[in-house]
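Asks: Please find one structure pasted underneath; my questions will follow.
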Amino acid sequence: MKTATPTKEHAFLQKLVGNWDIVADAMASNPEHATWRETVRSLHGLWVVAEGHGEMPGGGAASTMLTLGYDPDKGRYVGNWIDSVINHMWIYEGRLDESGRTLLLETEGPDVETKGRTARYQECVSFEDDDNRTFTSHILTPDGSWRQLMTMQYRRRV
């Protein structure tokens, strides 16, 4: 079987490759900050795999794993997220915004504010420049608007 060839859409993902220091603003219910580290590697230009480690505000050590790729058949970015905090695999689908600097990912999972319910989320990966990016997480509210839950600032480690 012939290996897949990266498309122009895969190039955005390659900007994530490297070692990152992260400062996370916790959710509004817990105003503490957390400091993390993340290492992102590429699988032949088609996928990126990101592994993070840090301390949860008031919760101890935690680890995360993110995979992202581009599915030409769907015309969408796809991926998933798992972590050592909850027993849920987040499944992502998304697209780049008009600027080409922000990846908008949609997912569904446990409502972080109401136990026993599910909610829709939108998560954004935005590049300020090659060495700085921001991750924001939003929840869909009952009135149909998106409310920001969390922000993480990433700085490339040299």
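The values are calculated or read from the model by the stated rules, or taken from the named source; none is laboratory data. Values in this document were obtained by computation on a predicted structure and should not be read as measured data. Cβ: placed from backbone, ideal geometry, glycine included. Neighbour counts: every protein chain shown.
Asks: Among the residues of the stretch 108-136, which ones are among the hydroxyl-bearing types (Ser, Thr, Tyr) and closer than 18 Å to residue 37 by Cα? Show your work before the answer.
Replies: We begin by selecting, within the stretch 108-136, every residue among the hydroxyl-bearing types (Ser, Thr, Tyr); these are 114, 118, 121, 126, 134, 136.
Correct list: 126, 134, 136.
Asks: In addition: For the stretch 77-85, state whether one or more residues are at pLDDT 95 or above, part of a strand (DSSP E or B), closer than 26 Å to residue 18 by Cα and β-branched (Val, Ile, Thr).
Replies: Within the stretch 77-85, one or more residues are at pLDDT 95 or above, part of a strand (DSSP E or B), closer than 26 Å to residue 18 by Cα and β-branched (Val, Ile, Thr).
Asks: Find the strands (runs of 3 or more DSSP E) located wholly in the stretch 1-71 whose residues include 1 or more that are at pLDDT 95 or above and more than 18 Å from residue 127 (Cα to Cα), and list them.
Replies: 33-43, 47-56, 60-71
Asks: Quick check, is residue 106 surrounded by 14 or more Cβ atoms within 10 Å (Cβ to Cβ), in contact with a Phe, Trp or Tyr (Cβ under 8 Å, 6 or more places away or on another chain) and among the acidic types (Asp, Glu)? Show your work before the answer.
Replies: Details: surrounded by 14 or more Cβ atoms within 10 Å (Cβ to Cβ): yes; in contact with a Phe, Trp or Tyr (Cβ under 8 Å, 6 or more places away or on another chain): yes; among the acidic types (Asp, Glu): yes.
Yes.
Asks: Could you tell me which of the residues 106, 98, 113 is of a type in the set (D, E, K, R) and under 14 Å from the mean Cα position of the chain (by Cα)? Break it down into steps so the answer makes sense when it comes.
Replies: Working: 98 fails: under 14 Å from the mean Cα position of the chain (by Cα); 113 fails: under 14 Å from the mean Cα position of the chain (by Cα).
Selected residue: 106, the only one of 106, 98, 113 that is of a type in the set (D, E, K, R) and under 14 Å from the mean Cα position of the chain (by Cα).
Asks: For the stretch 111-122, indicate whether the set of residues that are modelled with pLDDT of 95 or more and farther than 21 Å from residue 80 by Cα is non-empty.
Replies: Among the residues of the stretch 111-122, not one is modelled with pLDDT of 95 or more and farther than 21 Å from residue 80 by Cα, which makes the answer no.
Asks: Let me ask something additional. For the stretch 113-158, enumerate the residues that are closer than 17 Å to residue 92 by Cα and outside any strand (DSSP E or B).
Replies: none
Asks: Taking the stretch 114-137 as the region of interest, how many residues are more than 19 Å from residue 23 (Cβ to Cβ) and either touching a residue at least 12 places away in the same chain (Cβ under 8 Å) or not β-branched (Val, Ile, Thr) (or both)?
Replies: Initial filter on the stretch 114-137 (more than 19 Å from residue 23 (Cβ to Cβ)): 114-122.
Now drop any that are not either touching a residue at least 12 places away in the same chain (Cβ under 8 Å) or not β-branched (Val, Ile, Thr) (or both), which leaves 115-117, 119-122.
The number of residues fulfilling the criteria is 7.
Asks: The conditions are (1) loosely packed, with under 14 Cβ neighbours inside 10 Å; (2) without any contact (Cβ under 8 Å) to a residue 40 or more places away in the chain, and residue 78 fails exactly one of them. Which is it?
Replies: (1)
Asks: A follow-up question, please. With 118, 114 as the choices, which residue is exposed (fewer than 12 other Cβ atoms within 10 Å of the Cβ), within 20 Å of residue 150 (Cα to Cα) and in contact with a strand residue (DSSP E or B) (Cβ under 9 Å, 6 or more places away or on another chain)? I'd like the intermediate steps shown before the answer.
Replies: Values: 114 fails: in contact with a strand residue (DSSP E or B) (Cβ under 9 Å, 6 or more places away or on another chain).
Checking each option against the conditions leaves just 118.
Asks: Keeping to the stretch 96-112, report how many residues are out of contact with any Ser or Thr (no Cβ under 8 Å at 6 or more places or on another chain), over 21 Å from residue 130 (Cβ atoms) and part of a strand (DSSP E or B).
Replies: Going through the stretch 96-112 one residue at a time, the tally reaches 2.
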